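Q: Following this message is one structure expressed as structure tokens.
The values are calculated or read from the model by the stated rules, or taken from the named source; none is laboratory data. This structure is a prediction, so every number in the text was calculated from the model and none was measured. Heads up, the Cβs are rebuilt from the backbone with ideal geometry, glycines too, and the neighbour counts pull from every protein chain shown.
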Amino acid sequence: MDLLAGIFTDYTLRNVALGAALLGLVGGVLGSFATLRRQSLLGDVLAHAALPGICLAFLLTGTKAPLILLLGAGLAGWLASLLMLAILRSTRLPEDSTLGVILSGFFGFGIGLLTFIQHSGDSDQAGLDKFIFGQAATVVGEDVLTMAVLGGVALLLVGLLYKEFKLLTFDPAFASSLGLPVRGLGTLLTSLTVIAVMIGLQTVGVVLMAAMLIAPAAAARQWTNRLSTMVWLSAAFGVLSGVLGAVISATRENLPTGPLVVLTASLITLFSLLLAPERGLVWDWRRTRNNRRRIRLERLLLDAHVLYNHAELTPESLAQRRRAAPARAKEELEELAARGWVTGRGERWELTEQGHAEAHRLEQAMRVLPKALNPRAEGGAGGAA
Amino acid sequence: MIKSSINEQASALPRRAAPLEVRDLTVAYHEKPVLWDVDLSIPEGQLCAIVGPNGAGKSTLIKAVLGLIPKASGTVQFFGQPLEAARRRIGYVPQRSSVDWDFPTNALDVVLMGLYGRLGWFRRPGKAEREAAMHALEQVGLTAFAHRQIAQLSGGQQQRVFLARALAQASDLYFMDEPFAGVDAVTEAAILQVMRELKKQGKTVVVVHHDLETVRDYFDHLTLLNVQVIASGPLEQTFTPENLKATYGERMSVGVGR
Ligand SMILES: Nc1ncnc2c1ncn2[C@@H]1O[C@H](COP(=O)(O)OP(=O)(O)OP(=O)(O)O)[C@@H](O)[C@H]1O
Ligand SMILES: [Mg+2]
């Protein structure tokens, strides 16, 4: 709790936490659209492509002013994404190859520039490499303000064009048939994703940035079937990861903020993938198991019902009908008895009132006719049909 | 039903521009044209089928006409106007497989999308739009499923959601890409009923269709397409063995002469 209070009192921590929270917020919102458009890896390209932009901005202007560097980063990322979309549209290169080529091409170029700058002997340049893995501790008030303005613009546009972005994401062909400029809207959405990346560069860096677009959105999708809820939740998960990551990293010297933010987001995603109701793996697994058990019991009851009505219900007759061992059939009868559907009178068993009612209900529900005893089934015991 | 359509033809107004008029349309994705020199005139107030083998360019025709993909050449007019001027009078039912049904939204929300064009930029759907969407869902018999996540609908129900979205558009001309694909007899009857209702209201419906057995029962007008238009006109004149052979190749033999 002291730590959380530190957000309000400790100047450095406050800036770091604010920066990370802003990143989470904007990344969460735009990541929702990116993942639903199956473009989560585009975020990765954008982020990696930012590195040469940062280096070129520094080389050209000689300053390390955050706004200049971020603009360089954004411009490079934006160009990379346009280049990628153009390649996809006009060639038959598969999407993953295109992504790989552009990502490694831009990133490699960036690393080359970075090395060049570091060896150029200009001592002022130290620190550009912080953009690779991020260095949240260097975030100051001025940076937070820049991030807030950029993020504010992005979120405002998403708010205004929410309906259009939603249709574009779900059914671009239909959107186009309504006369919406789908290409322009798509480019705009991608450009806003570039802004999210710009916000994250200082905190988590180019390598881990994509996680802040993908993880909160993937987690949020697990909990809801409404896009608006998903967007809000994704934003909330992003903010939570940002703040928690910042606070945890402040507990100890030398705990890097960026990776902790990403780690927190990943844990939230893992938790959601496993435990979210409906879509979570654990529930899914339980539901499948319960269903299977229920269906087995129901079929068992229907078998018992037919036997009871047309022949006699004993472990032997049941075993014969179900082609199981008599001992197993006995166990099964006891399972039914535990539900109150049959009662045992020595060797002979009978359906209870409740068992009859349930069997009738099932027959109705499934519209199955009670299966007549099959005279061809081996053995004669059940052959009364 | 039959009577009403006769009445309608009798009371047809002085000649107006056809709902759809295509001239010299050619479309190519790559080198080879997928549609070649297509001329087409769709009459008002009729149910019109577009029929042809897989890969004949049926979907491409609809997409090119609606401006979803670029044309290599040709002109398209709706009610005598260019596409932009006629947008609000055109409804579209894409192929069901063209979207990801695991999208986080429900049936009502999808139908509401049919009203986005009328709403215009920035405005969000309100109560009036919701009511219109519910009414469209009612017409396709899906009222009970309005709030169901769309992945949890059957294929036939998803198809009807798309149909309801087009109904919500309240258009005069509808394009439907294989609305009967993969639906059972009950859904097929429901969709047909909706199309006939549209016809009764004087609307024009253009349907990509695959089932030659039902063409005669369902449609008034037939266009046989295989890259080029093989034949286009009133069903009785176009639905002939020779035309089908020309469209599908020799091996086709369908009970045309029923
Ligand atoms: N996006 C695309 N890029 C390249 N070629 C395409 C594209 N879409 C369709 N084609 C090609 O254009 C031709 C016509 O396709 P289209 O989808 O219009 O056929 P269709 O008549 O609708 O077929 P189906 O009955 O299978 O739906 C096909 O040969 C197809 O391979
Ligand atoms: Mg098609």
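Q: Within segment A:271-285, is even one residue in a helix (DSSP H, G or I), farther than 30 Å from A:ALA220 by Cα and either of a type in the set (Asp, Glu) or not assigned by TED's automatic domain parsing to the domain that holds A:ALA217 (or both)?
A: Looking for residues that are in a helix (DSSP H, G or I), farther than 30 Å from A:ALA220 by Cα and either of a type in the set (Asp, Glu) or not assigned by TED's automatic domain parsing to the domain that holds A:ALA217 (or both), one finds none in segment A:271-285, hence no.
Q: Right, something else. Regarding A:SER234, is this residue surrounded by 17 or more Cβ atoms within 10 Å (Cβ to Cβ), in a helix (DSSP H, G or I) and more than 14 Å from chain B (Cβ to nearest Cβ)?
A: no
Q: While we're looking at this one, here's another question. Taking segment A:151-174 only, how many residues are assigned to a helix (DSSP H, G or I) and under 30 Å from B:SER97 (Cβ atoms)?
A: 13
Q: For B:TYR218, indicate whether it is within 16 Å of ligand 1 (Cβ to nearest atom), surrounded by fewer than 21 Cβ atoms within 10 Å (Cβ to Cβ) and hydroxyl-bearing (Ser, Thr, Tyr).
A: Against the criterion (within 16 Å of ligand 1 (Cβ to nearest atom), surrounded by fewer than 21 Cβ atoms within 10 Å (Cβ to Cβ) and hydroxyl-bearing (Ser, Thr, Tyr)), B:TYR218 does not qualify.
Conditions (1) modelled with pLDDT of 90 or more; (2) over 26 Å from A:MET147 (Cβ atoms); (3) surrounded by 13 or more Cβ atoms within 10 Å (Cβ to Cβ), marked per residue:
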position: A:LEU41; (1), (2), (3): no, no, yes
position: A:HIS48; (1), (2), (3): yes, no, yes
position: A:CYS55; (1), (2), (3): yes, no, yes
position: A:THR63; (1), (2), (3): no, no, no
position: A:TRP78; (1), (2), (3): yes, no, yes
position: A:PHE107; (1), (2), (3): yes, no, yes
position: A:HIS119; (1), (2), (3): no, yes, no
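Q: If you don't mind, another one. Would you confirm, using the coordinates I've provided, whether B:PRO104 is facing chain A (nearest Cβ under 10 Å) and without any contact (Cβ under 8 Å) to a residue 24 or more places away in the chain?
A: no
Q: Report, ordered by the first and then the second residue, all pairs with beta carbons closer than 6 Å, sequence separation of six or more or different chains, a first member in segment B:47-59 that is within 14 Å of chain A (Cβ to nearest Cβ), and a second member that is among the aromatic types (Phe, Trp, Tyr) and more than 7 Å from ligand 1 (Cβ to nearest atom).
A: Here the result reads none, with nothing in segment B:47-59 linked to a residue that is among the aromatic types (Phe, Trp, Tyr) and more than 7 Å from ligand 1 (Cβ to nearest atom).
Q: Do we find that B:SER171 is among the polar types (S, T, N, Q) and surrounded by fewer than 19 Cβ atoms within 10 Å (Cβ to Cβ) in this structure?
A: no
Q: Related question: Restricting attention to segment B:155-185, and to residues there that are among the polar types (S, T, N, Q) and more than 16 Å from ligand 1 (Cβ to nearest atom), which single residue is nearest to the other protein chains (Cβ to nearest Cβ)?
A: Filtering segment B:155-185 for residues that are among the polar types (S, T, N, Q) and more than 16 Å from ligand 1 (Cβ to nearest atom), the one nearest to the other protein chains (Cβ to nearest Cβ) comes out as B:GLN169.
Q: Within 12 Å of another protein chain (Cβ to nearest Cβ), β-branched (Val, Ile, Thr), within 21 Å of A:LYS166 (Cβ to Cβ) and crowded, with 16+ Cβ neighbours inside 10 Å: is that true of B:VAL65 in this structure?
A: Judged against the criteria, B:VAL65 is not a match.
Q: Report the residue count in segment B:77-100 for those that are more than 16 Å from ligand 1 (Cβ to nearest atom) and either of a type outside the set (D, E, K, R) or more than 8 Å from every other protein chain (Cβ to nearest Cβ) (or both).
A: Total satisfying the criteria: 13.
Q: Okay, next question. Is there a residue being part of a helix (DSSP H, G or I) and within 14 Å of another protein chain (Cβ to nearest Cβ) anywhere in segment A:189-204?
A: Within segment A:189-204, none of the residues are part of a helix (DSSP H, G or I) and within 14 Å of another protein chain (Cβ to nearest Cβ).
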